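The values are calculated or read from the model by the stated rules, or taken from the named source; none is laboratory data. Keep in mind that this is a model prediction, so the values were computed, not measured. Reconstructed Cβ throughout: ideal geometry from the backbone, glycine too, with neighbour counts over all protein chains shown. These accessible areas exclude ligands, DNA and RNA; they are computed on the full protein's heavy atoms, side chains included. Shrake-Rupley method; radii C 1.70, N 1.55, O 1.52, S 1.80 Å.
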Amino acid sequence: MRRSSIGIFLALVLAAGCATAGPQWVTFPDGGSGKGTTLEVWLKKHPLAAGQEIRLDEISRGDSSSAHIVQVRKEEPLHIHQNHDAVVVILRGRGILTLAKRRLEVKPGAILSIPRGVPHSFLNQGPDPAIAFAVFLPAFDGKDRILVKE
């Protein structure tokens with residue numbers, strides 16, 4: 001059931017992406033007013049702090065999943081999520097995703113399925129922080145990030 005849910009989600013995202021020339025802006029919750037904001041405005045309100053390499057902000061949560069914006073300045077080290085699957089969409093930036101023993105070049109629009117227990121890392125190759133939209137199944141508890149020695 002879990003794998004088919006990820007497959008259905010990916011199919012919907014791909015279908016939506018094929019229906020238009022590409023999103024010019026994305027709407028995010030603004031903190032409870034019921035209105036949304038653009039990605040650009042949202043990022044200005046949630047910047048990486050000086051010296052902060054990674055920032056993960058939850059933007060929605062349900063019973064079976066949670067959605068997050070992830071910002072990576074330079075590198076996210078090799079790690080696993082023992083209890084969570086993830087679907088990640090690269091919104092900005094480019095880099096190298098290591099997934100198990102594969103190295104994949106990724107850029108905006110890349111959709112990545114990361115099964116639980118699979119070692120993965122990200123190396124930003126751009127001058128600005130890379131930005132991704134990540135959905136965790138089940139909802140991410142903030143504790144299931146286990147560093148892996150290379």
In region 67-150 the accessible area split gives carbon plus sulfur, as whole percent at 1.4 Å, a share of 54
Rounded to the nearest 0.05, FRET efficiency between Arg94 and Leu147 (Cβ-Cβ, R0 30 Å) equals 0.80
For Lys44, the lysines lying under 29 Å Cα to Cα, once residues fewer than eight places off in the same chain are dropped, come out as Lys35, Lys74, Lys107, Lys143
Residues meeting the amide H criterion for Glu75 (H placed from the backbone, H to H distance under 5 Å, 5 or more places apart or on another chain) are Asn124
For 66-73, 54-61, ranked highest to lowest by mean beta-carbon neighbours within 10 Å, the order is 66-73, 54-61
By the C-alpha gyration tensor axes a ≥ b ≥ c (rounded if a/c is under 1.5, else prolate when a/b exceeds b/c, else oblate), the shape of region 29-150 is oblate
Phi-derived 3J(HN,Hα) across region 54-70 with the Karplus relation (6.51, -1.76, 1.60, θ = phi - 60°), rounded Hz, x for Gly and Pro, is 9, 9, 10, 10, 6, 10, 7, 8, x, 5, 10, 7, 9, 10, 9, 9, 10
